[in-house]
Structures are given as C-alpha cells and as structure tokens.
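Every read-out reported here was derived from the displayed coordinates using simple, explicitly stated rules and does not represent laboratory data. Computed from a predicted model, the values in this text were never measured in an experiment. Cβ placement follows ideal geometry from the backbone for every residue including glycine, while neighbour counts extend to all protein chains displayed.
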Amino acid sequence: MSEHHVVTIARGYGSGGKTMGKRLAEELGWGYYDRELLRLASDESGISEELFAKADETARRSLLFRVARDALDGAVIPPDKENFISNENLFRYQAKIIRQLAETEDCVIVGRCANYILRDNPNAIKLYIHAPEKNCVRTVMSLYGLTNEEALKRIQEIDKRRGDYYRYFTGQDWRFADAYDLCIDSSRMSWDQCIRLIKAYIDIR
C-alpha cells in the first residue's frame, strides 16, 4: 500500500471548503486537484475535456435515484467499444485518475466523489465542510456581490446539483456523516482555525 496521503473535501457551496482545500495544499506543499481532474482524465483517455464537462452536467440532471456505482469500480471501456464516451465510462476515467493520484503523491482532492472512490484507502482522510445556510449566503453575497435572494438561489441550485451528482454515482446522500472521517462546521471558527484543525487531524492520523 502506498505511503502517500490524500485529503478529500466535499463541501457545501459557500462554506469555504474549496478555499480551505487550496490553502491546505499550499501550506503542506501537496498537489491540489478540483476541475484539474477533468484535464487529467482527458489526457489519459484521449477524450476531449469538453465531453467530460458535459458528462458532469448530464449526470447532475439525471434521475435522482439512478445508481451508477459500477462506474466507480468498473474497468474503463476501451476506445473500440460503443460505450467509450458514455457518462459512466467518462467517470471511470476520473475515478482511475483519483486512484492514481492517491498512489503517487500527497494531495488534496475537492469533490468528484473522491471520498467514496477512496473509501477503502487507509491513507485517505475524508472531510466534509459545511455551514448554516445563512452563513453561506453571507459568504456568497460578499464574494460575488449578489443580493440575499440571488445568493440563496445559487447556493440551493449548486448544492442540489452536487447532491444529485453524488447520488447518481454512489447511491448515497453526500451529507451522510458516516462517509467522512471529519465533518467541520466552518461557521464555528475562522477558516484559518479550520485549516489548523485539519492539519492537526492529519498529524494525529
């Protein structure tokens, strides 16, 4: 088993999870991956990055209770097969890249069902960052200059897409605490303190 360590971060929109992930990676000197995974999966498969992004959107719009867990664990389909560019096969490539990264470098991975993909990896620390809706609204208003109503709508839409995406590929609720090692309410402390807490947890592990 690889001795490399990986932190996966699932996060509610406006909770600061992505920002914390970037800063954590910078402070630890680790790799950071979010949408970069689409480019890596594109390079690995030879399929355009635009198709990977389109598959993301299609999966999010699919039926809430459709389960495609085989896409996480199955082997990639070769180019000469009919389903080579199916949503499930495109996700298999992303899952393959996530496993490769976990085996080859210390890194932080945000989103992409990484906590589920690496659920059996003992060196993966799986985090969920969240905050009360009112706190997320204030953060999004401040960052993007939106009204209260606009910020609330954006949060609800993005969190729904993330939840649908996670359920599509795992069959689970992304907010289910049992899927994570540590759940952090970022409204209870500053983001700097949250990062210190995460680093302390990494040291303990």
For LYS22, LYS134, ascending order of other Cβ atoms within 10 Å (fewest first) is LYS134, LYS22
Low-density loop trypsin sites (Lys or Arg not before Pro), the range 88-120, at most 16 other Cβ within 10 Å, DSSP non-H/G/I/E/B, are ARG119
For the pair GLN100 and SER187, the simple spin-label estimate (label points 7 Å beyond Cα toward Cβ) gives in nm 4.1
Taking MET141, MET20 and counting other beta carbon atoms within 10 angstrom, the fewest-first order is MET141, MET20
Taking 0.36 nm per residue of separation between LYS134 and GLU150 and subtracting their Cα-Cα distance, the length gained on full extension comes to 4.5 nm
Rounded to one decimal in nm, the spacing of the 7 Å Cα→Cβ label points at ASP178 and LYS22 is 3.5
By Cβ neighbour count within 10 Å, fewest first, SER187, SER15 rank SER187, SER15
